[in-house]
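Asks: Input: one structure, supplied below.
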Amino acid sequence: MARGKLRRVLRKRIAIVGDGHTERIYFHQMSKFENLRIHGIDIKPELPDNKEWSKAIERAAQLADGGYDRVYAIVDLDVIYQKNRIEAFKSRWKKLKKEYKKKIKLIRCNPCFEIWFLLHFINTTKLFRNCDECVTDLNDHLDGYVKTKEWLESNIIYEKLKPNQLQAIKHARRVNSLSETAGQLHHPVCDVQKIVTYVLDND
């Protein structure tokens, strides 16, 4: 999945919604680094800093109604677990999935988006209780990493991680497979690779 080797021109409008600046910066950098507009792919990273999964899901529905070919809704599960909102989340997502079928895709991150970054370096099944624990482990591989706009932009996080992207995809698929049988609430989960493979390979 080398840079500039997309299989074909997709001519697709893709929206990505979530709840933080980390995701927004990552996908802005991805679009620029991979020259996605040249390949006919318009990614709209719309990720307000509201830290509320329900707002992200509602925004995904609005964008799907607004003509986007595919909308990805990124949800960090750690906050949902901490606030004991898992049943409310499942109920809302079930309704949305039924209404929009395959147009809206749920992208889970447990504990948070940084699990995707960490999987570029290691294949982990650690039971992270929160995002801070994940960031601590990430610092073993990305020295000085902090969850701020300034650090992410100045260090060009997408370009820094790109060489290990195929490894991250492999690791993410493995931890997801294990999470289905582990039965552990805090088992790591990461679906970000689904966006990456769709955009770069039309998978």
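Asks: Show the residue pairs meeting these rules: Cβ distance below 7 Å; 6+ apart or different chains; first residue within the range 62-77 and at pLDDT 85 or above; second residue part of a helix (DSSP H, G or I) and among the β-branched types (Val, Ile, Thr).
Replies: Matching pairs, first to second residue: 72/195; 73/57.
Asks: Next question, about the same structure. Please pick out the residue among 126, 83, 103, 94 that is more than 19 Å from residue 19 (Cβ to Cβ) and modelled with pLDDT under 85.
Replies: Working: 126 fails: modelled with pLDDT under 85; 83 fails: more than 19 Å from residue 19 (Cβ to Cβ); 103 fails: modelled with pLDDT under 85.
94 is the lone residue from the list that is more than 19 Å from residue 19 (Cβ to Cβ) and modelled with pLDDT under 85.
Asks: Another question, if that's okay. Mind checking whether some residue in the range 35-45 is at positive phi, at pLDDT 75 or above, more than 16 Å from the chain's Cα centre (by Cα) and not in a helix (DSSP H, G or I)? Can you show your working first?
Replies: Filtering the range 35-45 down to residues at positive phi leaves 35, 40.
In the following step, the residues that additionally are at pLDDT 75 or above were identified as 35.
Checking which are more than 16 Å from the chain's Cα centre (by Cα) leaves us with 35.
So of that shortlist, the ones also not in a helix (DSSP H, G or I) come out as 35.
Among the residues of the range 35-45, at least one is at positive phi, at pLDDT 75 or above, more than 16 Å from the chain's Cα centre (by Cα) and not in a helix (DSSP H, G or I), which makes the answer yes.
Asks: Spot the failing condition for residue 147; the list is (1) more than 19 Å from residue 178 (Cβ to Cβ); (2) touching a residue at least 60 places away in the same chain (Cβ under 8 Å); (3) surrounded by 20 or more Cβ atoms within 10 Å (Cβ to Cβ), and only one is missed.
Replies: (3)
Asks: Would you point out which residue out of 56, 73, 168 is among the small types (Gly, Ala, Ser), in contact with a helix residue (DSSP H, G or I) (Cβ under 6 Å, 6 or more places away or on another chain) and surrounded by 14 or more Cβ atoms within 10 Å (Cβ to Cβ)?
Replies: After applying the criteria, what remains is 73.
Asks: In addition: So, in the range 101-135, of the ones that are of a type in the set (D, E, K, R) and assigned to a loop (DSSP other than H, G, I, E, B), which residue ends up farthest from residue 161 (Cα to Cα)?
Replies: 101
Asks: Which condition does residue 98 not pass, out of (1) in a helix (DSSP H, G or I); (2) surrounded by fewer than 17 Cβ atoms within 10 Å (Cβ to Cβ); (3) within 17 Å of the chain's Cα centre (by Cα), if it passes all the others?
Replies: It is condition (3) that residue 98 fails.
Every residue, every condition in (1) in a helix (DSSP H, G or I); (2) farther than 18 Å from residue 28 by Cα; (3) at pLDDT below 90, yes or no:
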{"residue": "160", "(1), (2), (3)": "yes, no, no"}
{"residue": "178", "(1), (2), (3)": "yes, yes, yes"}
{"residue": "181", "(1), (2), (3)": "yes, yes, yes"}
{"residue": "194", "(1), (2), (3)": "yes, no, no"}
{"residue": "199", "(1), (2), (3)": "yes, no, yes"}
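Asks: How about the range 146-189: which of its residues are among the aliphatic types (A, V, I, L, M) and touching a strand residue (DSSP E or B) at 6+ places or on another chain (Cβ under 7 Å)?
Replies: Listed by number, the residues that qualify are 172, 175, 189.
Asks: Assess whether residue 84 counts as being over 30 Å from residue 33 (Cα atoms), in a loop (DSSP other than H, G, I, E, B) and among the polar types (S, T, N, Q). Lay out the reasoning, then the answer.
Replies: Numbers: over 30 Å from residue 33 (Cα atoms): yes; in a loop (DSSP other than H, G, I, E, B): yes; among the polar types (S, T, N, Q): yes.
Answer is yes for this residue.
The values are calculated or read from the model by the stated rules, or taken from the named source; none is laboratory data. Predicted model only: the values in this text are computed from it and were never measured. Cβ: placed from backbone, ideal geometry, glycine included. Neighbour counts: every protein chain shown.
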